[in-house]
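Data first, discussion second: the structure below is written as structure tokens.
Any read-out appearing in this document is the output of simple, stated calculations on the displayed coordinates, not a laboratory observation. Only a predicted model underlies this, so the values are computations on that prediction, with no experimental measurement involved. Neighbour counts are summed over all protein chains in view; Cβ atoms, including those assigned to glycine, are modelled from backbone coordinates with ideal geometry.
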Amino acid sequence: MISGVIFDVDGTLLDSMDMWEHAGERYLSGIGITAEENLEKKLFTLTMTEGAAYMKSTYGLDLSVEQIIAGINETISHFYQYEVQPKTGAIALMNELKNRKIPMTIATSTDRCQIEAALKRLGILDYFIKINTCSDFGIGKNKPDIYLDCAKAMRSDVGSTWVFEDAYHAARTAYNAGFRVVGIYDKSSADHHQELKQNSHICFWQIPDYKTLTLADIR
């Protein structure tokens, strides 16, 4: 039986990981500057402040580091509010869950305002009885707190609650806490397929959508 479902958002419900990988490029493009090739790789290991300082120096931006950070955040917020799309088939699966009266919640690392703006525009905000963010708990998905609270909100037993994740470290946390885990492919995490597979009860590989997934698969 499925007593409840917890969805991650980025890379799982929404096709949004490309934004996080290329936010710097998008920001620079928005102010009329063409970014260098592979800028995202240079920014990957940097904090937001370090990345903004790098762009200020490299591109001669007449802006403070704080203004650059604000601009990048505005670029990300605009994407969620006006552009991001669901992964193919995700809404169909949620409709099936809703029709069967299976409660759904969200556990995400992204800011609440961005997630709510995207889900509202897509018409699925009211599908979820609760949205939990890592900011709410002050810890990341290396701890199961965010998932356990979702299950509590749904009055769903952990052992019959399914967690949908694309990130192997988050899948591992849910798996070790006793949840049932569906690993969802996203190209941003393709290099970690084996780790995701090892920490999922069902793992969809090279299927970047939900077209072949039905509730019968996860019973």
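Details
- When the Cα gyration tensor is reduced to axis lengths a ≥ b ≥ c, the ratio a/c stays below 1.5 for the range 18-82, which is therefore classed as rounded.
- Whichever lysines have a C-alpha closer than 30 Å to that of Lys130, once near sequence neighbours (fewer than 8 apart) are set aside: Lys87, Lys98, Lys101, Lys120, Lys141, Lys143, Lys152, Lys187, Lys197, Lys211
- With neighbour counts taken as other beta-carbon atoms within 10 Å, the residues Trp20, Trp162 rank, fewest first, as Trp20, Trp162.
- Cβ crowding within 10 Å, taken as a proxy for footprinting-reagent exposure, orders Asp166, Asp186, Asp157 from fewest neighbours to most as Asp157, Asp186, Asp166.
- Where both bridge residues fall in the chain, DSSP classifies roughly 5% of the beta bridges as antiparallel.
- Separation of alpha-carbon centers, the range 118-140 and the range 142-188, rounded to whole Å: 15 Å
- Between the range 85-114 and the range 29-53, the Cα center-to-center distance that results, in Å: 31 Å
- A DSSP coil position with no more than 10 other Cβ atoms inside 10 Å describes the following trypsin sites (Lys or Arg not before Pro) in the range 90-199: Arg100, Lys101, Arg155.
- For the chain, the dipole from Cβ point charges (+1 on Lys and Arg, -1 on Asp and Glu) about the Cα centre works out to 980 debye, to the nearest 20.
- For the chain, the relative contact order works out to 25 percent when only alpha carbon pairs closer than 8 Å and six or more residues apart are counted.
- Residues Glu21, Glu165, sorted so that the one with the fewest Cβ neighbours within 10 Å comes first: Glu21, Glu165
- Candidates Gly140, Gly183, Gly123: whichever shows maximal mean-square fluctuation once the chain is modelled as a Gaussian network with Cα springs under 10 Å: Gly123
- The gain in end-to-end length when the Arg100 to His169 segment is fully stretched comes to 21.8 nm, 0.36 nm per residue minus the alpha carbon separation.
- Considering only Ala92, Gly60, Ala107, and ranking their Cα positions along the charge dipole of the range 10-115 that arises from unit charges at the beta-carbon of Lys, Arg, Asp and Glu, the one farthest toward the positive end is Ala92.
- What the Cβ-Cβ distance of Ser135 and Ser160 gives, at R0 = 25 Å and to the nearest 0.05, is a FRET efficiency of 0.35.
- Paramagnetic label zone (point 7 Å from Cα along Cα-to-C-beta, Thr88; backbone N under 18 Å) in the range 159-190: 184-190
- Relative to the current alpha-carbon distance between Leu122 and Lys41, full extension at 0.36 nm per residue lengthens the span by 26.1 nm.
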